[in-house]
Ligand code: IPM
Ligand code: MG
């Protein structure tokens with residue numbers, strides 16, 4: 001029997017509620033498997049750790065994670081600590097430290113979810129956004145000088161490397177190729193950003209030659225927002241820079257019904273380091289500690305984790321249980337207009353995982 005070693009990092013806010021919920025469903029799925037189990041280790045890094053130690057995670061924190069098979073992450077963000085401190089001190093430290101350069105964000109309208117687009121059926125909206133996750137606008141290049149003086153200056157330089165752009169575009173073409181429609185849209189802004197984004201376009205053309213069976217087109221990021229709303233069915237796999245994809249993926253999640261549902265995988269495709277899985281939502285201070293957070297984004301992230309570990313059957317079973325639960329409006333949390341609690345949704349998914357009928361359904365699918 002294989003034992004996967006999983007690090008859990010709940011982080012801040014509702015991360016402390018949804019990550020334990022995610023661990024519970026993973027334990028429920030392992031309980032029915034003779035083939036694999038999990039060994040979890042939880043790390044208490046985040047805002048509270050910062051208040052005590054002055055850092056979001058210890059200096060040797062990456063070493064504690066290095067030999068894990070995967071990381072399940074909640075969120076980083078604290079009302080009393082500047083956002084750039086929480087982000088750079090924890091999440092980006094892990095993503096960049098482990099070179100998790102491909103951030104994958106699938107979007108679908110799950111059964112029972114009321115999505116805001118009137119003319120859109122669930123079949124019209126089945127996207128996966130690939131976000132460059134290691135450089136670009138999040139490279140951290142820049143600085144401030146003359147602070148507090150009238151001549152103060154500040155820069156954030158978007159830094160793109162040929163190697164970084166080639167590997168993310170190649171990853172996106174490969175992912176598009178693996179999906180039935182073999183359709184890729186490369187997001188750009190090379191009309192205004194006339195250096196790095198022009199190189200990005202050139203590299204897209206170059207990499208496309210390696211994938212003659214993938215249909216691809218280019219779309220400016222601003223036009224892409226309108227296309228996502230007006231012509232969702234023309235999109236399938238989408239690749240964009242770090243910041244562009246950050247923005248588009250929030251729009252995608254909202255169009256699919258709620259930010260509370262959307263999952264993410266921060267992948268090191270070469271598997272030199274553990275990959276990290278997390279819901280796309282943040283720490284949601286307004287509802288934290290109340291047991292109202294939607295755990296579905298974490299559960300779907302756990303599906304992505306199972307797929308990454310090669311446990312495709314278990315991934316299918318968990319996704320089938322999630323979809324059975326979203327289909328039932330009495331199990332919708334507040335973000336979906338319902339009254340269900342985190343624990344009720346988690347109990348329902350665990351109960352389905354324990355029932356042999358659900359296993360049969362997933363195998364038939
Ligand atoms: C995301 C989030 C983060 C980001 C925030 C929390 C800094 O919005 O994962 O999309 O911008 O990367
Ligand atoms: Mg975001």
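Coordinate-derived values only; no laboratory data. Worth saying up front: this structure is predicted, and the values here are computed from it rather than measured. Neighbour counts run over all protein chains shown; Cβ positions are idealised from the backbone, glycine included.
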Shape call, the range 1-145: gyration tensor on alpha carbons, a/c limit 1.5: oblate
Global geometry of the range 237-365, whether rounded, prolate or oblate, following the gyration tensor of its Cα atoms and the 1.5 cut on a/c: oblate
Among beta bridges that DSSP assigns inside the chain, antiparallel share in %, nearest 5: 45
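Based on the mean of other beta carbon atoms within 10 Å per residue, what is the order of 128-140, 301-313, most packed first?
Top to bottom by mean Cβ count within 10 Å: 128-140, 301-313.
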Two-decimal Rg to Rh for the range 116-255 - Kirkwood Rh, Cα set: 1.04
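For residue 44 and residue 156 in the same chain, what is the full-extension length gain: residue separation times 0.36 nm, less their Cα-Cα distance, in nm?
37.2 nm
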Length-normalised contact order for the chain - Cα pairs under 8 Å, 6+ apart - percent: 22
Computed over the range 33-118, the ratio Rg/Rh where both radii use C-alpha atoms and Rh is Kirkwood: 1.08
Percentage relative contact order, the range 116-255, counting C-alpha pairs under 8 Å, at least six apart: 37
Gain in span if fully extended, residue 206 to residue 231, counting 0.36 nm per residue against the direct Cα distance: 6.3 nm
Residue exposure sequence - 276, 197, 288 - by fewest surrounding Cβ within 10 Å: 288, 197, 276
Peptide ranges 227-234, 111-118, 343-350 listed from the most packed, as the mean C-beta count within 10 angstrom indicates: 343-350, 227-234, 111-118
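Where does the chain land on Rg/Rh, using Cα atoms and the Kirkwood Rh?
0.96
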Packing rank of 40-46, 211-217, 316-322, where each peptide gets the mean count of other beta carbons within 10 Å, highest leading: 316-322, 40-46, 211-217
Mean separation of Cα contacts under 8 Å, 6 or more apart, over the residue count of the range 182-312: relative contact order %: 22
Linear extension gain, residue 181 paired with residue 218, 0.36 nm per residue minus alpha-carbon span: 11.7 nm
